[in-house]
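Right, one structure below, let's go through it.
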Amino acid sequence: MSNLIMPPPDRKVLGRRREIAQHLRSIIAAEAVIDDVEEMRAYESDGLTAYRQIPMLVALPSTTDQVSRILKFCQDEGIKVVPRGAGTSLSGGALPLEDGLLLGMAKFSSVLEVDYDNRCAVVQPGVTNLAITQAVEADGFYYAPDPSSQIACTIGGNVAENSGGVHCLKYGLTTNNILGLEVVLITGEVVRIGGKHLDAEGYDLLGLMIGSEGLLGVVTEVTVRILPKPETARALLMGFPASEQGGACVADIISAGIIPGGMEMMDRLAIHAAEEFVHAGYPLDVEALLIVELDGPEAEVDHLISRVSAIAEANSAVSIRVSETEEERTAFWAGRKAAFPAVGRISPDYYCMDGTIPRRQLPKVLSRMNELSKQFGLRVANVFHAGDGNLHPLILYDANEPGELERAEEFGAEILKLCVEVGGVLTGEHGVGVEKRDLMGTMFSETDLEHQQRVKCVFDADSLLNPGKVFPTLHRCAELGRMHIHAGRLPFPDIPRF
Amino acid sequence: MSESFKPENATQIADVVAWAVSHEKPLEIHGQGSKRGIGRAARFGAALDTTSLTGITLYEPEELVLAARAGTPMSEVRAALGEHAQELAFEPPDFGVLLGGEPGQGTIGGTLACNLGGPRRIKAGAARDHFLGATAVSGRGEMFKTGGRVVKNVTGYDLCKVLAGSWGTLAVMSDVIVKVLPAAETQASVVVHGLAPADAIAAMGDAMRSAYEVSAAAYLPGDIARRSQAAPLSAGAASAVLLRIEGIEPSVKYRTDRLLGILKPYGRVGIVGNDASRTAWREIRNVDFFAVDHSRPVWRVSVPPAAGAMVLAGISAAVSVQGYFDWAGGLLWLAAPASDDGAAQVIRTAVSASGGHATLIRGSDALRSTIDVFEPPEAVMAMLSQRLKQNFDPSGVLNPGRMNASM
């Protein structure tokens, strides 16, 4: 395992483990508290499997009141809490702590209400992303954000991570599709933020909660916006001799005023791996493959298909295919959707990165990445949410080879630094978690991070909720509260005033 | 006379804030002052004017991103975007005339700080949803940045969300980055005449449930429709449900045709063409209908869309108001009687039954210093908001009292 420093375990809390389990069993059913080490192993890591830690205890509450009582107890006793949905995080957001209670939200699995008159659904946080769409699709609706883990990942986790998906450019991230939340604070207080109306007033605490990575509160109910399903969707599959031309095609599509429902790009290694795996009919003699999906009313989609084809031709596409049937459209996507497991077939292990870059920097980033690939002696395959600049380089390595994981992580860190260097960011949709925690300094100054941490202080002054995630160093809230103003300073004479 | 500072960069903003802290001078943070009439009437010891922080610093149309200094006039932002057929998709309203001032005023920073979205809010989101990044100075006199210049970013806490809608009470922005989108090539609106409010809500609901991508849905009662500059609305003096369809020509035609089919059972239907449609939606967005009698308080009420008619009926039963719906029933614009509390209590009671909030957008200084302008939050929300203010502006020097008396 790589070198990751987590908050030092509280020996006093660990010493009271048995007593704590006993108290939890007075709040929830005895079998909903897990203290057997072997049983807890199921919770030792999330989607970022390089990091593992067996928690002190696991609790699986099923009501808001239970969550409230558990959190209040933990606050009173100084016990750390790590919330967890389905455990699909790719950034270690649900990595347990040795002295922490792992709070599993899987039992909150009901769709509480579907309200078509207000175009929303009220669901519990343990409902999977896909299950929301399944609950409303018979009536012609769907929930727009669609992370590729949507079969397994829960809406509670999506809220914590502000998850994205291929539809983001047109339909937004999780944060743009949530209307309201019920949240339990570490004090046990239950608060409702937003509802079925828009733009709750006062400070936008809804916006703060979404993407807070489990550090501010535990979500116990979510009101999501649902949308009518587009009348139709068709896709184009286009091959380019170089990534520059694929990138230019994307820029030209957007410059023409077209916002596709999805726009994905793959590089040669990813194309070959995917084709070998699912036989989607991808061209193999190209350097970049672009899938553009247009959704909406039929008349519009048909019209835009011809416009996009013309743009691709103007950018030297060597192959252009347009889906004529739903089967064909699904086939175009099959390779892209299977890209991660496909890469998993050609390498014992892979490490998925998640930087976002200004799109025009793509050729520069790809060529620099190739140099790094040679330098670290590790191959890299690229899949790219081309519309919004979110890059997923997959670094191929073998964990059984001594030193390869560490080399893959170093390579990954270099890629993320490169993303920041060209004007991008460390993470587009996977979250900071523990994975990118120590890289936050490449993007933010100490003052920037302190202002973010003050939000943490608003909600959880003792830092008991998911500590060790997101922030490289957790300052004490009392310390962050101090003012550093030099009193008596005169107003600056060079500032215009009147 | 109290002092007014016009800083030209973030460092100078920090200096002014530091001075305000050490001299215990509450600062009024303002741009062009176009929305000064909104919010509690508060007293300040000095002013920080952002209008010297101007200029678009980055605009890459193919990346859908624009960065500007916070005091950049909206007119400048609009003009730059217009050259590339792009726009701010949240359709920021211009309340200049409504509030008794000039039209076309306002800065990009002010627009974001007030988080006001127009009719397209229901499809494209509010200002908060297009606010990608900022550099700002908190009430601690410290400069910080948040977010970034890419449209997809979850790195660190999204402080843009709280800056939007904070009315200058948490930090003074020096630079902002927004997501921009292609403007629709053309538009048309489907109109249904003569419906009562409850039927109008049902008709708008059907349109919103369809796959025809309605980008705005409003209902104007007859006495308001009559005042429209758009001839197809004012001609018959009947009430009008208006459903906007935007996009490329063949798509707009296709969708309006389909929508007409859906709405025919409700009553007399028609199509409002591009120009008249733009006029009507500008009036709805900017609340032009209430820009006449400036003595009447104007309320902006956000409720679940399906509850709109019920909320309006509840209010109308107790007090004489004029009102119309935007957001498919989810946004209720009300002109209330000038007397007493401007109908605050009646409105707040009706809203609390359905869930939502009411904001006084126009009111006399006297009214704005006696009643809550913004919806009073419930206890835990109030406590969290208070702590946020305390953390970002411990000395209370940034627009204190603008949102509520204690913040």
Cα shape, segment B:186-286, gyration tensor, a/c 1.5 rule = oblate
In Å, the Kirkwood estimate of hydrodynamic radius for segment A:130-267 over Cα pairs equals 17.0 Å
For chain B, with a Gaussian network of springs between Cα atoms less than 10 Å apart, report the residue from B:T107, B:T349, B:T359 with the top mean-square fluctuation.
-> B:T349
Modelled label-to-label distance, A:Q22 and A:T325, 7 Å Cα→beta-carbon offset: nm?
-> 6.7 nm
Compute the separation of the alpha-carbon centres of segment B:93-138 and segment A:468-482 and state it in Å as a whole number.
-> 33 Å
Sequence order, segment A:153-160: Karplus ³J(HN,Hα) from phi using 6.51 cos²θ - 1.76 cosθ + 1.60, θ = phi - 60°, Hz rounded, Gly and Pro as x, gives 5, 9, 5, x, x, 4, 5, 4
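Report Rg(Cα)/(2.2 N^0.38 Å) for the protein assembly as shown, keeping two decimals.
Ratio of Rg to 2.2 N^0.38 Å for the protein assembly as shown: 0.93.
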Given H placed on each backbone N at 1.01 Å, which residues far from B:V65 in sequence or on other chains put an amide H within less than 5 Å of it?
-> B:E60, B:V180
Using alpha carbon centers only, segment A:308-343 is separated from segment B:178-240 by a whole-angstrom value of 38 Å
Degrees, to the nearest 10: A:243-255 long Cα axis against longest axis of chain A | 80 degrees
May I ask you to list the aspartates and glutamates whose Cα is less than 15 Å away from that of A:K12, ignoring any residue fewer than eight positions away on the same chain?
-> A:D76, A:E77, A:E98, A:D99
For an R0 of 30 angstrom, estimate the FRET efficiency from the Cβ-Cβ distance between A:L112 and A:D462 and round to the nearest 0.05.
-> 0.40
How large is ³J(HN,Hα), in whole Hz, for each residue of segment B:75-90 in order, when computed from phi with the Karplus curve 6.51 cos²θ - 1.76 cosθ + 1.60 and θ = phi - 60°, using x for Gly and Pro?
-> 4, 5, 5, 4, 5, 4, 5, x, 4, 10, 6, 10, 7, 8, 5, 7
Contact order normalised by residue count of chain B, Cα under 8 Å, 6+ apart, percent = 19 percent
First measure r as the distance between the Cβ atoms of A:K229 and B:D257, then evaluate 1/(1 + (r/R0)^6) with R0 = 22 Å and state the FRET efficiency to the nearest 0.05.
-> 0.65
Helix-only CD estimate at 222 nm, as mean residue ellipticity for the protein assembly as shown, using -39500 (n - 2.57) per DSSP H run (n ≥ 4) | -9500 deg cm²/dmol
Using Cα pairs closer than 8 Å and at least 6 residues apart in sequence, work out the relative contact order for chain A, in percent.
-> 14 percent
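Take the cross-link list B:K179/B:K389; A:K107/B:K179; A:K196/A:K337; A:K417/B:K25; A:K80/A:K229 and give me the ones stretching past 31 Å between alpha-carbons.
The answer is A:K107/B:K179; A:K196/A:K337; A:K417/B:K25; A:K80/A:K229.
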Estimated vicinal HN-Hα couplings, Hz - segment A:455-464 in sequence order (Karplus 6.51, -1.76, 1.60; Gly, Pro = x) | 5, 4, 5, 4, 9, 8, 5, 8, 6, 9
Output the Kirkwood hydrodynamic radius of segment B:49-182, Cα pairs only, in Å rounded to one decimal.
-> 14.8 Å
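Note the full-extension length gain between A:A42 and A:S445 as 0.36 nm times their separation in residues minus their Cα-Cα distance, in nm to one decimal.
Residue separation times 0.36 nm, minus the Cα-Cα distance, leaves 141.4 nm.
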Within a Gaussian network of chain B (alpha carbon springs, distance under 10 Å), most fluctuating of B:T169, B:T57, B:T155 = B:T155
Partner aspartates and glutamates whose C-alpha sits under 14 Å from that of B:K145, ignoring same-chain residues fewer than 8 away, are A:E446, A:D448, A:E450, B:D158, B:D175
Using only Cα atoms, locate the centre of segment A:65-118 and the centre of segment A:430-459, then give the distance between them in Å, rounded to an integer.
-> 21 Å
Of all DSSP beta bridges having both residues in the protein assembly as shown, the percent classed as antiparallel (nearest 5) is 85 percent
Two-decimal ratio, segment B:290-379, of alpha-carbon radius of gyration to 2.2 N^0.38 Å | 0.99
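Since every read-out is calculated from the coordinates, none of them should be taken as a lab result. Fair warning: this is a prediction, and the values are worked out from it, not measured in the lab. Positions of Cβ are backbone-derived with ideal geometry, glycine not excepted, and every protein chain shown enters the neighbour counts.
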